[in-house]
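Worksheet for the structure shown next.
The values are calculated or read from the model by the stated rules, or taken from the named source; none is laboratory data. For clarity, every value in this text was computed on a predicted model and none was experimentally measured. Every residue, glycine among them, receives a Cβ derived from its backbone with ideal geometry; neighbour counts consider all protein chains shown. Accessible surface is based on the protein model in full, side chains and every heavy atom, while ligands, DNA and RNA are left aside. Shrake-Rupley method; radii C 1.70, N 1.55, O 1.52, S 1.80 Å.
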Amino acid sequence: MSLDLFVKVAVDVPGLAPLSYKVPNGEEPVVGMRCVVPVGRREMVGMIVEVSQHCEYDPSKVKPYRQLLSEVSPVNDEWLAMTRFAAEYYQHGWGEVAMANLPSFFRAKPRPQYLKSLERLRESKRVKVSVKPDTPPVLNDEQQEAVKAVVDHKGFGPFVLHGVTGSGKTEVYLHIMAEVLSRNPNAQILFLVPEINLTPQLQGRILRRFADRVVVSLHSGLSAGERARSWLAMHECRAQILVGTRMAVFANIPHLDLIIVDEEHDLSYKAGDGIRYSARDLAVKRAHLAKIPIVLGSATPSIESWAKVQSGTYRVLTLRERAIKTAVMPTLELVDPRVDKTHKGLCSRVIKAVEQALSRKEQVIVFLNRRGYAPVLTCPSCGWLSTCPHCSTYSVYHKSNGRLICHHCGWSAPVMHHCPDCGNADLAPVGAGTQRLEETLSQLWPEARILRIDRDTTQRKDSAQKAFDAVHAGEVDILVGTQMVAKGHDFQRVSTVIVLNVDSQLASANPRSQERAFANLMQVSGRAGRAGLSAKILVQTRFGDRPIFDALARQSYEMFADALLKERRNEGAVPFVSQALLMADAPHINQSLEFLQHAAHLGERIAETMPEREIVVFDPIPMALMRVADKERAQLLIEAPSKASLNVFLRQWYRALLEVKTNVHWVVEVDPMDV
Ligand code: ADP
Ligand code: ZN
Ligand code: ZN
């Protein structure tokens with residue numbers, strides 16, 4: 001008599017623990033393989049997370065799985081441990097994390113052509129891009145020290161590589177990678193970047209430096225087939241380097257030897273929907289599980305990482321100098337629009353600075369973090385405003401296509417010629433977005449070659465790259481755009497950078513907005529003075545007396561971060577406490593608030609059972625932007641002294657919430673960024 005064998009399979013169903021199935025006679029499933037299983041009336045692909053001879057249920061009632069997908073080798077233990085951790089930490093089912101983050105090819109039920117498709121994914125149809133291998137520069141002392149610290153480290157080692165833009169961080173990454181690959185020919189490397197479309201230069205550098213290696217990428221710009229191909233190439237160790245956005249943190253990488261997280265402070269590492277994970281935090285966890293070094297690089301590290309540097313948990317490696325000797329630190333000028341006369345929103349000193357740069361044939365960048373023509377359209381006669389019919393916000397006037405567009409829900413309509421309320425024919429744009437700014441600049445300097453870069457001009461594939469190439473080729477005199485322009489570009493002839501409208505960020509009530517404003521300003525100012533041109537940053541602001549500008553003038557992240565952390569510690573704010581947010585949305589705000597009120601009661605009861613009674617359950621409140629896409633949203637904040645106690649609380653609370661019968665849609669976010 002043969003012994004019965006059982007498996008536990010993690011499937012992508014909210015909150016569900018792995019399900020038990022019987023193994024059909026003669027089959028040999030392995031933990032980490034996928035199989036097709038019946039779930040209710042459906043069939044799903046799940047991940048085998050346990051194989052055993054025991055089953056906690058009546059064996060005669062346990063169904064067999066339908067099909068073992070053994071043509072792909074099992075994922076490794078580190079991957080399973082990481083997804084399990086993520087599920088527990090972010091309050092989801094293991095299968096939700098494990099399956100939802102596989103490329104769709106591995107998640108979907110096999111089609112008739114499955115095996116053939118699999119073979120095709122394996123064919124290395126790599127287009128041989130003619131990459132000219134480059135010669136690495138000789139590192140300066142600081143860079144060498146940084147490389148040595150990482151490559152000589154044994155086991156788990158979290159490093160923060162801190163240096164201003166242009167200080168040579170990327171060069172340090174590349175040298176560490178080369179060293180890791182030369183010491184272990186089988187080594188694999190995970191290189192995370194915030195937004196791949198904005199970092200073509202970086203990708204190019206990696207490809208040129210590792211021309212003899214297989215480099216693959218994973219990001220949302222790839223087709224499903226391309227994603228599956230990259231995933232499989234890492235999984236089967238045919239590729240050594242994976243460059244990808246946050247989704248790449250879920251790749252299975254059997255010989256993972258090094259993780260690099262570039263621009264580790266960037267908000268795009270945080271997933272905004274689904275499992276709201278932080279790819280940076282999960283990357284650190286992976287490095288811990290795999291017992292390898294991880295390098296978190298940034299000119300303005302996240303306040304969380306900096307707190308860990310201060311507490312000695314992370315080791316900081318600092319690059320103080322700009323790598324290219326001719327590069328200079330920019331000087332900062334603050335211009336107050338209440339004092340200095342403005343013309344179409346530009347102070348006269350700003351106009352003069354642009355003029356000077358243009359006359360010297362230098363390039364100018366003008367930043368405005370607001371796309372569209374004008375943030376709102378108004379009727380001067382009756383006061384009508386262009387509100388979005390579905391959101392508690394305005395729809396933005398886009399002149400180029402003559403439409404009003406809501407940037408929150410996507411609603412759009414042709415702009416009306418008459419006021420819908422009073423019939424007045426003179427509707428007026430209020431304030432300026434990048435389109436209007438572009439118009440103003442071309443009126444002021446009709447001869448100048450002006451290029452705008454924002455999400456509206458870069459929707460087509462490669463359009464961002466083409467635009468950036470034009471700037472590099474010197475075909476552009478004034479570059480105007482959103483923060484998109486600041487990301488990782490190495491423009492050579494920029495001498496003058498103008499920053500407009502930081503004030504909305506500086507005035508914001510969100511405690512995170514100071515960090516973001518500082519990171520943006522530092523990044524923006526890093527665009528100037530790369531090739532020895534004396535560099536000038538002009539910030540048009542009413543808040544010139546804020547300490548943030550002293551730190552900026554000195555280009556001192558430490559000064560900013562140390563002050564901020566001191567303040568946060570005194571206030572008992574993040575990162576010195578841990579938070580979670582329960583968010584609810586429903587057609588009417590009262591429904592959302594009612595549900596949260598109930599959730600708060602449940603939370604209070606659980607909090608009372610915990611030692612020290614250290615969990616704080618706040619009152620439910622409507623969100624700042626209450627209505628989006630006809631859903632009215634409210635939130636409930638939970639605060640705990642540590643991640644551990646927060647997790648103990650959340651586990652019980654989440655289970656209680658799943659029991660609540662409600663039509664209200666809700667989601668829990670751990671470590672929220674917007675509270
Ligand atoms: P970051 O990533 O900090 O912005 P990069 O690594 O891109 O800095 O370096 C900025 C510029 O300096 C790049 O053009 C790079 O090739 C160059 N560079 C970096 N390190 C050196 C070095 N040791 N010697 C010469 N040039 C260097
Ligand atoms: Zn009107
Ligand atoms: Zn809307």
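At 1.4 Å probe size, with no ligands or nucleic acids counted, give the accessible surface of His598 in Å², nearest ten.
Its heavy atoms expose roughly 80 Å² to the probe.
Given only helices, namely DSSP H runs of n ≥ 4 each adding -39500 (n - 2.57), what is the per-residue ellipticity at 222 nm of the chain, to the nearest 500 deg cm²/dmol? Don't skip to the end; give the middle numbers.
Values: 19 runs with 212 residues, N = 675.
That calculation yields -9500 deg cm²/dmol at 222 nm.
Just to confirm my numbers, what's the Cα centroid distance between segment 558-622 and segment 83-106 in Å?
25 Å
Would you kindly find the accessible area of Asp545, with a 1.4 Å probe and non-protein molecules such as ligands, DNA and RNA excluded, rounding to the nearest 10 Å²?
130 Å²
At a 1.4 Å probe radius, which order do His398, His408 fall into by accessible area, largest first? Each step should come with its number before you reach the end.
Working: His398 5, His408 105 Å².
The ordering from most to least exposed comes out as His408, His398.
From the protein chains alone at 1.4 Å, what is the descending order of accessible area for Cys35, Cys382, largest first? Display every interim value, and only then the final one.
Working: Cys35 0, Cys382 65 Å².
Ranked list, largest accessible area first: Cys382, Cys35.
Quick one: of the DSSP bridges fully inside the chain, what percent are antiparallel, nearest 5? Before the final figure, lay out each step's value.
Working: 54 of 105 bridges.
Percent antiparallel among DSSP bridges in the chain is about 50.
Going by alpha carbons, how many degrees (0 to 90, nearest 10) lie between the helix axis of 348-359 and the longest principal axis of the chain?
90 degrees
Only Cα pairs under 8 Å and at least 6 apart count here; give the relative contact order of the chain as a rounded whole percent. Let's see the in-between values first.
On the way: 1327 pairs, mean separation 77.0, N = 675.
Normalised by residue count, the contact order of the chain is 11 percent.
How would you classify segment 524-576 from its alpha-carbon gyration tensor, with a ≥ b ≥ c the square roots of the eigenvalues: rounded for a/c under 1.5, else prolate if a/b is greater than b/c, otherwise oblate? Could you put the intermediate results ahead of the total?
Details: a/c = 3.51, a/b = 2.08, b/c = 1.69.
Here segment 524-576 falls in the prolate category.
Under 8 Å for C-alpha pairs, at least 6 residues apart: give me the relative contact order for segment 141-319, rounded to a whole percent. Don't skip to the answer; put the middle values down first.
Details: 332 pairs, mean separation 64.4, N = 179.
Relative contact order of segment 141-319: 36 percent.
If you project the alpha carbons of segment 6-107 onto the principal axes, what extent comes out on each, in Å, largest first?
Taking max minus min along each principal axis of the Cα atoms, segment 6-107 gives 35, 27, 25 Å.
About the Cα centre, and with charges only on the beta carbon of Lys, Arg (+1) and Asp, Glu (-1), how big is the dipole of the chain? Nearest 20 debye, please.
1600 debye
At what distance in angstrom do the alpha carbon centres of segment 330-370 and segment 390-454 lie from each other?
With segment 330-370 and segment 390-454 each reduced to a Cα centre, they are spaced 22 Å.
Over segment 6-107, what relative contact order in percent results from Cα pairs under 8 Å that are six or more residues apart?
Averaging sequence separation for qualifying contacts and normalising by length gives 37 percent for segment 6-107.
Show me the ranking of peptides 667-674, 641-648 by mean Cβ neighbours inside 10 Å, starting with the highest.
Numbers: 667-674: 19.0, 641-648: 15.5.
Sorting 667-674, 641-648 by mean packing, highest first, produces 667-674, 641-648.
Show log10 I(q)/I(0) for segment 491-542 at q = 0.28, 0.29 Å⁻¹, two decimals, from a solvent-free Debye sum over equal Cα scatterers.
-1.02, -1.06
Have a look at His219, Pro185, Ile275 and report the one farthest towards the positive end of the charge dipole of segment 164-323, computed about the Cα centre with Cβ charges (Lys/Arg +1, Asp/Glu -1).
Towards the positive end, the residue furthest out is Pro185.
Where does segment 578-670 land on Rg(C-alpha)/(2.2 N^0.38 Å)?
On the way: Rg = 12.9 Å, N = 93, 2.2 N^0.38 = 12.3 Å.
My calculation over the Cα atoms of segment 578-670 gives 1.05.
Dipole size in debye (nearest 20) for segment 141-319 around its Cα centre, Lys and Arg Cβ +1, Asp and Glu Cβ -1? Don't jump to the answer; show the numbers that get you there.
Values: 20 positive and 18 negative charges, 87 e Å.
The dipole magnitude comes to about 420 debye.
Could you report segment 547-624's accessible area per residue, 1.4 Å probe, as an integer in Å²?
Details: 4130 Å² over 78 residues.
About 53 Å² of surface per residue is accessible.
Taking every eigenvalue of the Cα gyration tensor of the chain, multiplying by 5 and rooting it, what semi-axes result, largest first, whole Å? The partial results should precede the final answer.
Numbers: eigenvalues 381, 216, 131 Å².
In descending order, the three semi-axes are 44, 33, 26 Å.
Can you give the Rg and Dmax of segment 141-319 based on its C-alpha atoms, in angstrom?
15.0, 44
Could you work out the local net charge near Gly168, counting Lys and Arg as +1, Asp and Glu as -1, over the other residues with Cβ closer than 10 Å to its Cβ? Can you show the working numbers first?
Values: positive: Lys169, Arg322; negative: Glu142, Glu171, Glu321.
Once positives and negatives cancel, what remains is -1.
Whenever you get a sec, compute what percent of the accessible area on the chain sits on carbon and sulfur atoms (1.4 Å probe).
Values: 15800 of 30880 Å².
C and S fraction of accessible area: 51 percent.
If you rank Ser400, Ser463 by how much accessible surface each has, with a 1.4 Å probe, what is the order from largest down? Display every interim value, and only then the final one.
On the way: Ser400 95, Ser463 25 Å².
My answer, sorted largest first, is Ser400, Ser463.
Distance from the Cα centre of segment 1-26 to that of segment 255-298, in angstrom?
When both Cα centres are located, 31 Å separates them.
Looking only at segment 141-319, where both bridge partners belong to it, what percent of the DSSP beta bridges are antiparallel (to the nearest 5)?
Bridges in segment 141-319 that DSSP calls antiparallel: roughly 5 percent.
Please flag any cysteine in the chain that has no other cysteine's Cβ under 4.7 angstrom from its own Cβ.
That list is Cys35, Cys55, Cys237, Cys347, Cys409.
Can you give the direction-averaged projected area of the convex hull of the alpha-carbon atoms in segment 348-398, in nm²?
Values: hull surface 22.8 nm².
With the hull built on Cα positions only, its mean projection is 5.7 nm².
Using a 1.4 Å probe and ignoring any ligands, DNA or RNA, find the accessible area of Lys8 and quote it in Å² to the nearest 10.
The accessible area comes out at roughly 50 Å².
Hey, what's segment 6-107 come to in accessible area per residue, 1.4 Å probe, Å²?
Working: 4560 Å² over 102 residues.
Spelled out: the 1.4 Å probe surface of segment 6-107, per residue, equals 45 Å².
Out of Ser645, Leu625, Leu593, whose Cα points farthest toward the positive end of the dipole of segment 578-670 (charges: +1 Lys, Arg; -1 Asp, Glu; placed on Cβ)?
Ser645
Can you tell me how segment 522-623 classifies by the Cα gyration tensor, rounded, prolate or oblate, using a/c under 1.5 as the rounded cut? Intermediate results must be reported in sequence, preceding the final value.
Details: a/c = 3.82, a/b = 2.17, b/c = 1.76.
Prolate.
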